[in-house]
Amino acid sequence: MVLNPVISKLAGKLVVLASASPRRQEILRNAGLRFEVVPSWFKETLDKGLFKAPYEYAVETAKQKALEVARRMPFKHLKTPDIVIGADTIVTVNSMILEKPVDKQDAYRMLSSLSGKEHSVFTGVAIVLCHEKDNQEVDYQMIAFYEETKVKFADLSEDMLWEYINSGEPMDKAGGYGIQALGGMLVEYVHGDFLNVVGFPLNHFCKQLDIIYNHSSSFAVEKKGIMSKHNDGEFKSQNCENVIIQLNRQQEGEQSGTGTRDSKPNKQDLERICELMDGFKASKALFTASRFCVFDLLHNKPGLDAARVAEEIKASVKGTECLLEACVSLGLSRHKKKEESLFENTDLATSFLRSDAPFSLHGYIRHCNETLWPLFSHLESAVHEGVSQHEKVKRHKERCQDSVCSSQELKLRFMSGMHSFAKVTAAAVATAFDLSRFKTACDLGGCTGAMAYEFTKAHPGMSVTVFDLPAVIEMREHFLPANSDKKVSFVAGDFLKEDLPKADLYILARVLHDLTDEKLHILLRKIAESASPGCGLLLSEIFLDDDRGGPSRGLLQALSLSEGKQRSASEYRLLLERHGFITAHFRHTGNLLDAMLSVKA
Ligand SMILES: Cc1cn([C@@H]2O[C@H](COP(=O)(O)OP(=O)(O)OP(=O)(O)O)[C@@H](O)[C@H]2O)c(=O)[nH]c1=O
């Protein structure tokens, strides 16, 4: 006997679970479902930057997993399933998507980012209904949805973290934990469906089956009818609000108002284009609110109305009101509950936009506004001439500004941008690999030392020397107090001209992409001369895909046309090999920078 009558509707059908997860198999088996397991070969490599929200990434991955199996089976297994079920579970914290850790350090990075915090677990589920036609072609119909569960972790001590990691449990689980086993001990509370955390939202799944088989007259599950035109398996629409996705374009148009391809523009396509057209407006609204320190103000005095904010930031009430409302629409501010005219920060602003937040991007946002924005406003000239517009922008500023910033101020501003970016990325880079065998490191162009401090924190046996230009080293105390960690020291010098400090590991974070080929080779040659065999070189950059198709963050960065260029991991690997460094590991960290570890042969 099965409790849920919809599960019994599947009796006699060839149901396939496109998942290798033993937890998913167990959950569905316990529910009385009979199915075959055909793990998906789809690689979980979709560009996360392309998705507006994390759940969209999970839903799309689930769709691709299920679809890959649905398409493969008729050829490789010589049978067509009736239903293929795919799923993907992710953990999200601080706007980062955590999947399965690749090694212990990765698990450490994930679990320490969850310690003491509430996070969300999303499972995206895709159900593909396959209809074999008389001519043996197959029509596919897709239903996709997601479920969110909130989980709060207790504060985890280092000992606890490592004991848990060494148990081996984290390795095949999203976010690096299994709530159903030892990981349950780390959890303070769960809001929502527990099984969703374990890997499959059974209740929501049954509700969807109920809609498909019992309630939806419009939802054709027969072979004939609405699916007849669609045998390409190409799924255009994606409504992630737990809704059925219909593949029939005509019906899609009639039901959701999105229109057919020929008669009206597709809604999703239109939204995407608008997003691109308006992207600069959103950026500038963020920059302006940050420049006026609106997020600091709303953090210190939550619940101000537009007039009070205007008074505090010395701006017009009308302008401030427009800015605050735009910030609300962008998810940076919100209206206070039941008091529509009062504003407060969202969690996103609290985490990243306050100037004193541990992961504040305030300094980097100022750098974007004051340095990158003017460069991008000359993009036509940059593309036309193929050179950086720095000089043009500088001259323009000198002509237009009443007060020209001192070079000291400009340097401080630049350092503040680099410092804030490094603080957000440092932990991910520092924990990307097991670096325990390196006792001394040298962070070349390490600026304020933000990265170096994170390395000594993550690797207690390591000391780091930050090597940067004298002017930078002189000003570093504006950011981090001297002697805040005795294992970090600073040496002033020019890495293109002077001898480099001896170290077991050289760190190059966001340095190479900015150098001309000539300078890059000078630097790599100097590192190779200083490094003994077995020494490491940790490179951290945005690595382009091999086909240079993404990620767009890297390709957009290239548009500022500095002296350097953006490269793929393979291109960097070859460059390093020329200087005797053999690449051992490469990681997409899930943060703003990726990492590659090479070793001197
Ligand atoms: C948070 C959490 C996750 N998991 C497991 O994490 C994997 C996620 O990875 P996935 O990519 O969604 O699936 P997979 O295991 O690679 O399988 P596949 O469907 O073949 O991609 C799944 O296993 C889940 O159970 C647990 O067992 N317990 C938990 O508390």
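Structure notes:
- When residue 490 is tested against the conditions (1) assigned to a strand (DSSP E or B); (2) within 28 Å of residue 561 (Cβ to Cβ); (3) among the aromatic types (Phe, Trp, Tyr), the lone failure is (2).
- Residue check, residue 194 open to solvent by less than 50 Å² (accessible area, probe 1.4 Å) and either modelled with pLDDT of 50 or more or not small (Gly, Ala, Ser) (or both): no
- From 590, 550, residue being in the same structural domain as residue 425 (by TED's automatic domain parsing), touching a helix residue (DSSP H, G or I) at 6+ places or on another chain (Cβ under 9 Å) and open to solvent by 20 Å² or more (accessible area, probe 1.4 Å): 590
- Segment 1-28, subset surrounded by fewer than 14 Cβ atoms within 10 Å (Cβ to Cβ) and within 34 Å of the chain's Cα centre (by Cα), residue farthest from the ligand (Cβ to nearest atom): 22
- Of all residues in segment 409-421, those satisfying the criterion of being open to solvent by 10 Å² or more (accessible area, probe 1.4 Å) and over 12 Å from residue 358 (Cα atoms) are 409, 410, 411, 412, 413, 414, 416, 418.
- Extreme residue, nearest to the ligand (Cβ to nearest atom), among residues of segment 98-122 that are hydroxyl-bearing (Ser, Thr, Tyr) and under 18 Å from residue 152 (Cβ atoms): 120
- Residue selected from segment 29-49 under the condition part of a helix (DSSP H, G or I) and touching a residue at least 12 places away in the same chain (Cβ under 8 Å), by the criterion farthest from the ligand (Cβ to nearest atom): 49
Each row is one residue, and each column tells you yes or no for (1) assigned by TED's automatic domain parsing to the domain that holds residue 466; (2) open to solvent by 40 Å² or more (accessible area, probe 1.4 Å).
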site	(1), (2)
341	no, yes
348	no, yes
366	no, yes
373	no, yes
384	no, yes
396	no, yes
407	no, yes
423	yes, yes
431	yes, no
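- Residue count for segment 50-94 under the criterion of being more than 14 Å from the ligand (Cβ to nearest atom), among the aliphatic types (A, V, I, L, M) and within 28 Å of the chain's Cα centre (by Cα): the result is 2.
- Residue check, residue 181 among the aliphatic types (A, V, I, L, M) and closer than 14 Å to residue 106 by Cβ: no
- Out of 127, 143, sole residue that is modelled with pLDDT of 95 or more, closer than 30 Å to residue 83 by Cα and more than 13 Å from the ligand (Cβ to nearest atom): 127
To keep it simple, each residue is scored yes or no on (1) in contact (Cβ under 8 Å) with a residue 24 or more places away in the chain; (2) in contact with a Cys (Cβ under 9 Å, 6 or more places away or on another chain); (3) open to solvent by less than 80 Å² (accessible area, probe 1.4 Å); (4) outside the structural domain of residue 556 (by TED's automatic domain parsing).
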| residue | (1), (2), (3), (4) |
| --- | --- |
| 274 | no, no, yes, yes |
| 289 | yes, yes, yes, yes |
| 295 | yes, yes, yes, yes |
| 318 | no, no, no, yes |
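The values are calculated or read from the model by the stated rules, or taken from the named source; none is laboratory data. Because the structure is a prediction, the values reported are computed rather than measured. So basically every Cβ, Gly included, is an ideal-geometry build from the backbone, and we count neighbours across all protein chains shown. For the accessible areas, the whole protein counts, side chains as well, though only heavy atoms, and no ligand, DNA or RNA atoms are used. Shrake-Rupley method; radii C 1.70, N 1.55, O 1.52, S 1.80 Å.
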